[in-house]
Each structure stands twice: as C-alpha cells, then as structure tokens.
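K.L.:
Take a look at the following structure, please.
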Amino acid sequence: MKNILSISVIIISIATFVLFVKPIYTETNALESKKTEFKQVLDNSKKLQTLRDSLLDKRKELSASDLRRLEKLIPENADNVKLIIEFQQIAERYGLELQSVSAQKNEEVISDSNKNFDIESRDYGIISLDFTVSGGYSEFVSFLEDIENNLRITDIRSLSLSGGESQKYDFSMTIETYWLKDNI
C-alpha cells in the first residue's frame, strides 16, 4: 500500500507540473522577454526625447533670418509655383524673358551620380524645371551667376543655345532643385 501511495503522489506531482506549473513557467519566461524588449524600447524612447529636446534647443538658438535661409536652401515642400516665380524674378532682374516653363516633382529622377544609391532611402525629393530664357548672352551669364549664388541648391542638368533675333538668343535649360521629404 505504501508503494501505491508513493507512486500515486509521484504521478500526481508530475501531472500537476505538466498541466499547471510548466505552462505558467513558460508564460512567465515569455513575459520576461517582453519585459526586456519593452525596457529597451522605453530606453530608446528616452534617448530620442533627449535628442529631440537638444535639437529643439539648438533650433531656438538660431535667428529668424537663419531659419529663413535654411528654409530657402532646402525647402520642406515641393512648391513648383514658388520656384517658377523665383526664377522669373531673377530673369526679370537682367531683362530676360522666361518662356515655356514646366515643372515636375520628380521622385524617380535618377541622375548619373545617383544611380548607385537606393532611391527609397533618400530624405529629399527632386523638382525638375524645364524652361527657355530669351535675351542677350551677357545678361544670361549674369542670370546664371545669380542662380549660382542663390541660397537654393540648384543643379543645371542641360543647357542649349539657339540663335534668335540680332544679339538675342534662346537658352533652353533643365535644372533640378531639391526639397525635404516628410519622413515622420
């Protein structure tokens, strides 16, 4: 009888372990690993908040004119109309006439220098602007110098010249300029 009682206690103990203790133990281990993951996420969140706060403090230190200059350097949106008006004003300064303007927000443009990079990883977009400027050569050179010295980053991708009336030429250009994507 003692052997049967001992075997029964062992069998009940094993059954209790298998049916109750082991599932709870497994669940506890899973919760511990989740706890570790959440702790890492919380730590990363605190680091990001600290970084954000320090960047906001640095931004507050910038003057309003510096912020406007940064916005002009690489704007936060693709405003084609504003870009066209800006080039129109530069052309008018030198007595040039801007003609046949077309702008395109072009995120898939791949220039020769960017073919080796993954386009989806870029934090910026490209605006391609095609236009023709009519006027004298020296005025056009001044126009190009003004574009070169402009704060906005601009790449001239193509330029062609055709003769027009006396001392007046048609300069066809394709330029690219950039804007920041909203990655939030």
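Values quoted throughout were computed directly from the atomic coordinates according to the rules given, and no laboratory measurement underlies them. Given the structure is predicted, the values throughout are model-derived calculations rather than measurements. Heads up, the Cβs are rebuilt from the backbone with ideal geometry, glycines too, and the neighbour counts pull from every protein chain shown.
K.L.:
Once you place label points 7 Å from the Cα toward the Cβ at Arg52 and Ile14, how far apart are they in nm?
P.N.:
About 5.6 nm, to one decimal.
K.L.:
Taking the Cα centre of the chain as the origin, how large is its charge dipole in debye, to the nearest 20, when only Lys and Arg (+1) and Asp and Glu (-1) carry charge on their Cβ atoms?
P.N.:
It comes to approximately 1600 debye.
K.L.:
Let me ask something additional. By how many nm would the segment from Leu31 to Arg152 lengthen if fully extended, with 0.36 nm per residue of separation less the alpha-carbon distance?
P.N.:
Gain on stretching Leu31 to Arg152: 38.3 nm.
K.L.:
How far is helix 22-61 tilted, in degrees, relative to the longest principal axis of the Cα atoms in the chain, given as a value from 0 to 90 rounded to the nearest 10?
P.N.:
It works out to around 30 degrees.
K.L.:
Using Cα centres only, tell me the gap between segment 32-83 and segment 134-163 in whole Å.
P.N.:
That distance is 35 Å.
K.L.:
Rounding to the nearest 10 and keeping the result within 0 to 90°, find how far the Cα-based axis of helix 2-16 lies from the longest principal axis of the chain.
P.N.:
It is inclined by approximately 10 degrees.
K.L.:
Can you give the net charge of the other residues whose Cβ lies under 12 Å from the Cβ of Ala91, counting K and R as +1 and D and E as -1?
P.N.:
Around Ala91, the charge tally is -4.
K.L.:
Oh, and also: With axes computed from alpha carbons, what is the tilt in degrees of helix 80-93 against the longest principal axis of the chain, rounded to the nearest 10 within 0 to 90?
P.N.:
Taking the Cα atoms of the chain, the angle to 80-93 is about 30 degrees.
K.L.:
Can you check what the net charge comes to around Ser100, using other residues whose Cβ is under 15 Å from the Cβ of Ser100 (Lys, Arg +1; Asp, Glu -1)?
P.N.:
-3
K.L.:
Quick one: length gained pulling Lys60 to Lys168 fully straight, 0.36 nm per residue minus the C-alpha distance?
P.N.:
Full-extension gain reported as 34.0 nm.
K.L.:
Something else about it: Quick check: net charge around Thr132, other residues with Cβ under 10 Å of its Cβ, Lys/Arg +1 and Asp/Glu -1?
P.N.:
That works out to -3.
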